[in-house]
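The values are calculated or read from the model by the stated rules, or taken from the named source; none is laboratory data. Just so we're clear, the structure is a prediction, and the values are computed from it rather than from any experiment. Glycine also receives a Cβ, built like all others from the backbone with ideal geometry; neighbour counts cover every protein chain displayed.
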Amino acid sequence: MVSIAENLERVREQITQAAAKAGRAVNEIELVAITKTHPAEKVREAVEAGHTVFGESRVQEARAKIPELPSNLRWHFVGHLQKNKIRHALPLFELFHGVDSLALAQEMNRIAAEDGERPRLLLEVNVAGEGSKFGFSAETLRAEIGSLLALSRLSIEGLMCIPPLAEEAEASRKFFVQLRELRNSLEKEFAVKLPQLSMGMTQDYWIAVEEGATLVRVGTAIFGERPKRQKD
């Protein structure tokens, strides 16, 4: 059976190759190892292999898992954040990848002000306009970016997307290009810096790197298939 350390090495190597193909420096890309539903023991294996940046998508699971692990690890929140979980989530995560509405951002800003937090975040864009996915449309984001940037407690650092599930990795490329081009146009139109692009998962992360990703979110390729969630 292939170890988590070997899986990590394989993913890192593929990121390095994709960066070289695109003429990018590999240190521009951060690998976020997605640990949702995987136990702390598996995370420790990745830590022993030298990895320190991890992602969770459920606040309750993170609150139980993070205290079991070394305190020097860096945690990103990669799921849909519910408003009633914001106060618990803010102290746990250094970056929120999927802020998907102005209303959620406003509530984060309010709670951050009360609790003395200054969250860093990315804005999720629904690149394919899928009804089943969260996120801003490009038009809505353009209309609301001024209001978002005015939220004084929040540091908006870039954009994030989840393309439609596809059999071929190459099918994701056009959505990654779309996100990058949207970021570039927002930077010009609103004179703002949005350096981070969170895009690419197990099935397509190397394509994302070729198209400018600065953060890739990889779980299954590192930790294996997620265990089936037990019914309550």
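Report, ordered by the first and then the second residue, all pairs with beta carbons closer than 8 Å, sequence separation of six or more or different chains, a first member in segment 130-149 that is on the phi > 0 side of the Ramachandran plot and of a type outside the set (A, V, I, L, M, F, W, C), and a second member that is crowded, with 16+ Cβ neighbours inside 10 Å and not in a loop (DSSP other than H, G, I, E, B).
G135/G98; G135/E124; G135/V125; G135/C161
Considering only residues of segment 124-138 that are part of a loop (DSSP other than H, G, I, E, B) and of a type in the set (D, E, K, R), which is farthest from L81 (Cα to Cα)?
By that ranking, first place goes to E130.
I need the full set of residues from segment 52-92 which are over 18 Å from T220 (Cα atoms) and assigned to a loop (DSSP other than H, G, I, E, B), in order please.
L69, P70, S71, N72, L73, H80, L81, Q82, L90, P91, L92
Taking segment 19-46 only, how many residues are assigned to a helix (DSSP H, G or I) and over 19 Å from the mean Cα position of the chain (by Cα)?
7
Kindly indicate which of A25, A46, A19 is within 24 Å of L159 (Cβ to Cβ) and crowded, with 17+ Cβ neighbours inside 10 Å.
That would be A19, the only listed residue that is within 24 Å of L159 (Cβ to Cβ) and crowded, with 17+ Cβ neighbours inside 10 Å.
One line per residue, one yes/no per condition, for (1) part of a loop (DSSP other than H, G, I, E, B); (2) modelled with pLDDT under 95; (3) touching a Cys at 6+ places or on another chain (Cβ under 8 Å); (4) not basic (K, R):
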site: R118; (1), (2), (3), (4): yes, no, no, no
site: L122; (1), (2), (3), (4): no, no, no, yes
site: T140; (1), (2), (3), (4): no, no, no, yes
site: L148; (1), (2), (3), (4): no, no, no, yes
site: L165; (1), (2), (3), (4): yes, yes, no, yes
site: V177; (1), (2), (3), (4): no, no, no, yes
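With touching a Lys or Arg at 6+ places or on another chain (Cβ under 7 Å) and closer than 26 Å to E28 by Cα as the only criterion, which of E170, E181, E187 stands out?
None of the others qualify; the one that does is E187.
Scan segment 1-41 residue by residue and report those that are modelled with pLDDT of 95 or more, among the aliphatic types (A, V, I, L, M) and more than 23 Å from A62 (Cα to Cα).
Result: V11, I15, A18, A19, A20, A22, A25, V26, I29.
Any idea how many residues of segment 197-211 are within 13 Å of M160 (Cβ to Cβ) and either assigned to a loop (DSSP other than H, G, I, E, B) or modelled with pLDDT under 95 (or both)? Walk me through it before giving the result.
Looking only at segment 197-211, we keep the residues that are within 13 Å of M160 (Cβ to Cβ), and these are 197-201, 208.
Subsequent filtering for residues that are either assigned to a loop (DSSP other than H, G, I, E, B) or modelled with pLDDT under 95 (or both) retains 199-201.
Residues in segment 197-211 being within 13 Å of M160 (Cβ to Cβ) and either assigned to a loop (DSSP other than H, G, I, E, B) or modelled with pLDDT under 95 (or both): 3 in total.
Hey, K188 hits all of (1) more than 16 Å from D100 (Cα to Cα); (2) of a type in the set (K, R); (3) surrounded by 13 or more Cβ atoms within 10 Å (Cβ to Cβ) but one; which does it fall short on?
(3)
Please go through segment 110-130 and pick out each residue that is buried (at least 19 other Cβ atoms within 10 Å of the Cβ) and either of a type in the set (F, W, Y) or over 23 Å from P164 (Cβ atoms) (or both).
A112, P119, L121
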